[in-house]
Amino acid sequence: MSRAARWIATALALAVLAGCGSPGSGSDGGKKGTRPDRDAVLVIRQAGQSTASAVEVQPLRDPAVDGFLKQAADFETALNFADALVAVDRALKLAPDAPEILQLKAELLIGLRRYAEAETLARKSFELGPRLGSLCARNWQTVVETRRIAKDEASASSATAQVAACKVPPRQRL
């Protein structure tokens with residue numbers, strides 16, 4: 001997992017553990033000071049942490065992208081999800097096919113209760129990404145969460161199997 005991704009995951013976990021309030025109704029469109037559906041995002045990010053391997057290859061990218069991702073993390077920590085999404089969109093303008101940024105946007109969309117868009121982006125991230133490891137697990141856990149919210153348990157079960165398939169078994173040493 002890249003440094004920026006670890007920072008974002010840590011910031012979110014701290015915000016959730018600090019008790020940022022109870023889940024909101026989502027009727028305000030994710031404006032500052034509310035706490036939309038964050039539990040699903042936490043589950044998604046934990047799925048990625050549980051399948052992280054010692055070797056995760058991250059491409060070199062424009063430092064401005066990392067700056068926008070840092071802004072997004074700061075906004076998300078401040079519960080300003082709309083501005084976090086704007087910062088991620090700016091990063092995507094510079095790196096439109098970056099699977100980890102597409103997945104981050106999907107997670108923010110889950111938090112804003114824009115589930116169909118989130119699932120579409122998670123699937124696109126999977127197609128562009130490594131299809132193994134932590135990003136893969138986050139992609140498929142996003143699908144699990146959106147399918148559960150849609151009350152489509154058959155598809156959620158299928159996606160859960162895909163999450164398990166993302167884990168790379170360790171090599172057998174003799």
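Full extension of the chain between Gln49 and Ala161 gives 38.6 nm of extra length, using 0.36 nm per residue less the Cα-Cα distance.
One decimal place: the segment Asp62-Glu117 gains 17.2 nm when fully extended, by the rule 0.36 nm per residue minus the C-alpha distance. Applying 1/(1 + (r/R0)^6) with R0 = 41 Å to the Cβ-Cβ distance of Arg90 and Ile149 gives a FRET efficiency near 0.90.
Quick note: the coordinates plus some simple rules give every number you see, no bench work behind them. For clarity, every value in this text was computed on a predicted model and none was experimentally measured. Cβ atoms come from the backbone with ideal geometry, glycine included; neighbour counts cover every protein chain shown.
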